[in-house]
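The block underneath contains the structure these notes are about, expressed in structure tokens.
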Amino acid sequence: MYTSPLREPLIRGNKNYKQVTDDVLSPMAGKPSKYWYAGITLAGIALLFGGWATFRTVFYGIGEWGLNKTIGWGWGITNFVWWVGIGHAGTFISAILLLFRQKWRTSINRSAEAMTLIAVMCAGFFPLIHMGRLLLGFYIFPYPNTRSLWVNFNSPLLWDVFAISTYFAVSLIFWYVGLIPDLGTVRDRAKTKIRKAIYGFLSFGWTGSARHWSRHETVSLILAGLAAPLVLSVHTIVSFDFATSVIPGWHTTIFPPYFVSGAIFSGFAMVLTLMIVTRKALNLEDYITLNHIESMNKVIILTGSIVGIAYLTEFFMAWYSGVEFETYAFFNRAFGPYAWAYWIMMTCNVITPQLFWFRKIRRSVLLTFIISIFVNIGMWFERFVIVVTSLHRDFLPSSWTMYKPTVVEVGLYVGTLGLFFTLFLLFIRVFPVIAVAEVKGVLKSSGEQKKITDHE
Amino acid sequence: MNRYITAYYLDEEDLLKGLGQLKAKGLEIMDVLTPFPVHGVDKALNMRRSRLTRVAFIAGVVGATLGFGFQAWVFTVDYPINIGGKPFFAVPSFMPVAFELTVLFAAFAMVIAFFVSNKLGPAAKAVIHDERITDDRFLVVVKVGDGEGEENIKEIELALAEAGAEGITLKV
Amino acid sequence: MVMENQKFILTKKLSTLIYGMIGIGVLSLAVSFLIGTGAERIAANLLLNTYYFLALGLIGLFLVTVHTIAESGWHTSIQRIGESMGSFIPVAGILMLLLFVFGGLHLLYEWTHEDHLDEILLKKVAYLNAPFFYIRFAVYFGVWVILAHFIRKYSLLLDKSGDLKYYRKFRIFSAVFVVTLAVTSVTSSWDWLMSIDAHWFSTLYGWYVFSSMLASGTAVLIILLIALKRMGYMGHVNNEHIHDLGKYLFGFSVFWAYLWFSQYMLIWYANIPEETVYFYERHKNFSTIFYVNLILNFVIPFFALMTRNSKRGSLILLPVSVIVFIGHWLDLYQLIMPGAVGGEASGIGIPEVGITIGFVGLFLFFVFRSLAKAPLIPKNHPFYKESLEYHTQY
């Protein structure tokens, strides 16, 4: 297929197919570097802190948290929504960008999807722990029981159960189906018998037959078609948790698309944070190029600006509605006791991504890394602002109060960060971080060598 | 005992060219093994478009019906309960769960059908003709029956060589 | 068959048809007055159609610009159609201004009745007042018309010379247009549509209207493309391009349904009287249209366009596009009429059908005039060759 000379190559360095395999799989074969050990040690410590906090919560109860009668949802739900949001990028990249035929997706989709799965696991932890009794978590599923009761299908929290578990399950099979051919590659290059047996088992007997490939493509495409509305539905339903209520600041119809766009925004920020480190550590700069970083930054401007418009719309409508509670809730957000959180959110989410309008900044690895962390912070504060500032001034001034997290809540959050990085570090040791077969598929049309032949 | 003649190409464009020539000669190719999907191979092998999409559609319809029907049954027949003054048959409330089940059923049914139709699975044993087909080789496999004479085999090998394939080998 | 310098020529037959349609429109407007149709109903119809066809123009230009900044290759070959749709923007602006100045503003918008404002509307006076309304009106159209002018200009200059410096300018103006439209499409829908029900508010409204227009604009693009192909033009466009447009129509229809559901469900669930009053009125007096709207705009395109083959030819795609075009007209109808005219005085009769036919004619007149001005193929566009050789795998 013809490619315009205006397009930059997606894979640098004049690679052939064999080099692609070698470059991507070599980090899996050797011994991990000392940075890897340092990383996993730090993550392990964070995980231990989280373990301690989990123990406190389960053993002593939710009283260990800083919640009170007015503010029943604090860091727990904030972290839940934050993690689910981060978990949106992977499936967005592999599903929606596949449908839009964005070839640059092939270099980042594998690890972004892995990140999605891990982030959704971290997210799922918070509702479970908030129930207090982890072992009774299965109560949330409708099953025939001796109390002859069903779950409440009118509750958005229950919709969440279905949305998150479907999202996790479908993302998992989507990721795994894409992984199978690459696991076949790992199997065929394995040096030891044990490795061969393990990857032989995991690769499901993949042979690379043309018939299999044809069906594989159909399955990937239809899964993408199914996953695309699924991605939208998950954060939509998360937003319903808030928006179906009558709490000023929560009940607003723009929430569903605005949450989805915020989720993709934060997800891409996290992908950038991880990929900028990974490409350096695993020498994958030829595959995850500045061009990829620039494309992701463009998605960040787009989604960041949508979020910005939504903030302003909400603010304007709060005044326009003429409802005094609504107006007060937003005034309180911006100028009340939690104003600092609001302005952190505004700066990080609305102002910093606008810097990406400059091509120089879009293509600067260091600045992108810094801004991506800003966005991660900003999106955490967005959820904090929505949850806490809307609750802490309720309809009765006598119950107005403030909220501060305890060290146990901090521990749970840090613990999930530890879990996230531990699992991600294990992932890059065990699975190929780049979709080898997919990159080979676009090598001819988007690699550097194609450019040379075209100009002849 | 089946025997196979295999030969490889190092580039997908050569493969497609070669397949065209082999097809013109009327050689029946059993399979083509490639490291990534090569467009055009499906045409050269006269493959039909996959019908897995139908599985997804049917499973999706089942999921939607089941999801919606179950909620409706619970709240109108089995255990009607007034929640926040909502009607028992609260259609908008049933939509999210019905949607999620549609996607869940369609996705899983299709992936299971994919594994079954390809005979892939955790315990499946791969017939590996050449370990490098998952790396950078594009392998053409021709099946040779038991009764096939040496002459025929020679002929096939010659045809493959003429079509530019390398490393022609007969495997038992 | 690719004829690189092919230009569109308006045939006698076609122009007669267009003039006939415009004639029907003018006649129906006159007849509506004569048979004593309420002034509100006529004003509401004029607002409906000026807004609808304005939005089609904006979406035409939006599709061109958004594909330009996304560096999409395939879209290049149909770029001219979107550009030509954009030529209707100033016409709609003039018509809308005439409507508002000659009494429409007072007839349509309750907040203009300055002596009878209630407590809630008094709070909104800072935004909902006639001078500010006209200032915003001027800003919207000023920005749109200027940007549309430059986008078209650089597109044509690029086509003449193939100089990449024009391509860069084309892209910059495209980006500015997309950003501007993201804001103005929302605020203008508040001004012209949401403020009809002046007490009611919904934060999602702007995006909902935009998604509706996006689906409809895509449908119109498909209709125009297929019509041009049948007239023997656009030989360089094949089923692959039509397939992509079909996927858009499918996707945007689903997206519209998603936003419709989000807005409806949240208002239904929270059950706050100030908000539910909006849908109460539509359930009570416009219940047929309420459901027909969903069937035309979601159910039909969703099931009809689900298979691959239906999107790859005009057999199914063309009728579905027409249905979606009518469907979103109805959607706009039920956004405007309940507030502006009310259940008893409104209906679908000569004013609605006739005036709309007139607007279709007027729209086609300007689109075809603009199409005839430049070669149909942007042959010097840097992505043009990609667009020619392109085929989708899925």
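The values are calculated or read from the model by the stated rules, or taken from the named source; none is laboratory data. Computed from a predicted model, the values in this text were never measured in an experiment. We place every Cβ from the backbone using ideal geometry, glycine too, and count neighbours over all the protein chains shown. With ligands, DNA and RNA removed, areas are computed over all heavy atoms of the protein, side chains included. Shrake-Rupley method; radii C 1.70, N 1.55, O 1.52, S 1.80 Å.
Figures for the structure shown
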| quantity | calculated |
| --- | --- |
| GNM result for chain C, Cα springs below 10 Å: residue of C:Ala92, C:Ala340, C:Ala39 fluctuating most strongly | C:Ala39 |
| Solvent-accessible heavy-atom area per residue, rounded to whole Å², over segment B:52-118 at 1.4 Å | 45 |
| Rounded to 10°, Cα long-axis angle of helix C:164-192 versus longest principal axis of chain C | 20 |
| Inverse of mean 1/r across different Cα pairs in the protein assembly as shown, Kirkwood, Å | 30.9 |
| CD proxy at 222 nm, helix term only [per DSSP H run n ≥ 4: -39500 (n - 2.57); per residue of chain A; nearest 500] | -22500 deg cm²/dmol |
| Where labels lie 7 Å past Cα in the beta-carbon direction, separation of A:Ser148 and A:Leu99 in nm | 4.4 |
| Karplus 3J(HN,Hα) series, Hz, for segment A:33-41 with 6.51 cos²θ - 1.76 cosθ + 1.60 (x for Gly, Pro) | 7, 5, 5, 4, 4, 4, x, 6, 5 |
| Note, ³J(HN,Hα) from phi for segment C:111-128, Karplus 6.51, -1.76, 1.60, rounded to Hz, x at Gly and Pro | 5, 7, 7, 4, 7, 10, 6, 8, 4, 5, 5, 4, 5, 9, 4, 4, 9, 8 |
| Pairs of lysines in chain B (C-alpha under 27 Å apart; 8 or more residues apart or interchain) | 25 |
| Mean ellipticity per residue at 222 nm, deg cm²/dmol - from DSSP H runs of n ≥ 4 across chain C, formula -39500 (n - 2.57) | -24000 deg cm²/dmol |
| Helix C:89-99 axis, angle to chain C major axis (alpha carbon atoms, nearest 10°) | 20 |
| Inter-label distance for C:Ser161 and B:Glu150, nm, one decimal - labels placed 7 Å from Cα along Cα-to-Cβ | 7.5 |
| For A:Glu326, net neighbour charge (Lys/Arg +1, Asp/Glu -1) across residues whose Cβ lies under 15 Å away | -1 |
| Taking the C-alpha atoms of chain A, convex hull volume expressed per residue in Å³ | 171 |
| Cα-only Debye scattering, segment A:67-196: base-10 log of I(q)/I(0) at q = 0.20 Å⁻¹ | -1.16 |
| Pairwise centroid distance, computed over Cα atoms, of segment C:298-350 with segment B:83-139, Å | 33 |
| Percentage relative contact order, chain B, counting C-alpha pairs under 8 Å, at least six apart | 54 |
| A:Asp394 accessible area, 1.4 Å probe, all protein chains in place, Å² to nearest 10 | 60 |
| Rounded to the nearest 10 Å², the accessible area of A:Glu285 at probe 1.4 Å | 60 |
| Sequence-separation-based contact order of segment B:52-118, relative, with Cα cut under 8 Å and 6+ spacing, percent | 55 |
| Modelled FRET efficiency - R0 25 Å, A:Lys404 with C:Thr276, Cβ distances, 0.05 increments | 0.10 |
| Cα-based helix-to-principal-axis angle, A:324-335 vs chain A, degrees rounded to 10 | 60 |
| Sequence of A:Glu324, C:Glu275 from largest to smallest accessible area, 1.4 Å probe | A:Glu324, C:Glu275 |
| Two-site label geometry, B:Arg54 and A:Lys31: point separation in nm, points 7 Å out along Cα→Cβ | 5.8 |
| Sites A:Ile370 and A:Trp340, calculated FRET efficiency, Cβ-Cβ separation with R0 25 Å, nearest 0.05 | 0.75 |
| Per-residue ³J(HN,Hα) for segment A:360-366, Karplus 6.51 cos²θ - 1.76 cosθ + 1.60, θ = phi - 60°, Hz, x for Gly and Pro | 4, 6, 4, 9, 9, 5, 5 |
| Amide H partners (placed H, <5 Å) of A:Asn14, local residues excluded | A:Glu448, A:Gln449 |
| For segment A:332-389 and segment C:216-234, distance of Cα centres in Å | 44 |
| Restraint check, A:Lys18/A:Lys191; A:Lys31/A:Lys440; C:Lys7/C:Lys379; C:Lys13/C:Lys373; A:Lys298/A:Lys360; A:Lys360/C:Lys169, Cα-Cα greater than 21 Å | A:Lys31/A:Lys440 |
| Candidates C:Ala175, C:Ala70, C:Ala55, ranked by Gaussian network fluctuation over chain C, Cα under 10 Å, top entry | C:Ala70 |
| Mean Cα-pair separation over length for chain A, i.e. relative contact order, pairs under 8 Å, 6 or more apart, % | 34 |
| C:Ile326-C:Val179 FRET efficiency (beta carbon distance; Förster radius 25 Å; 0.05 resolution) | 0.20 |
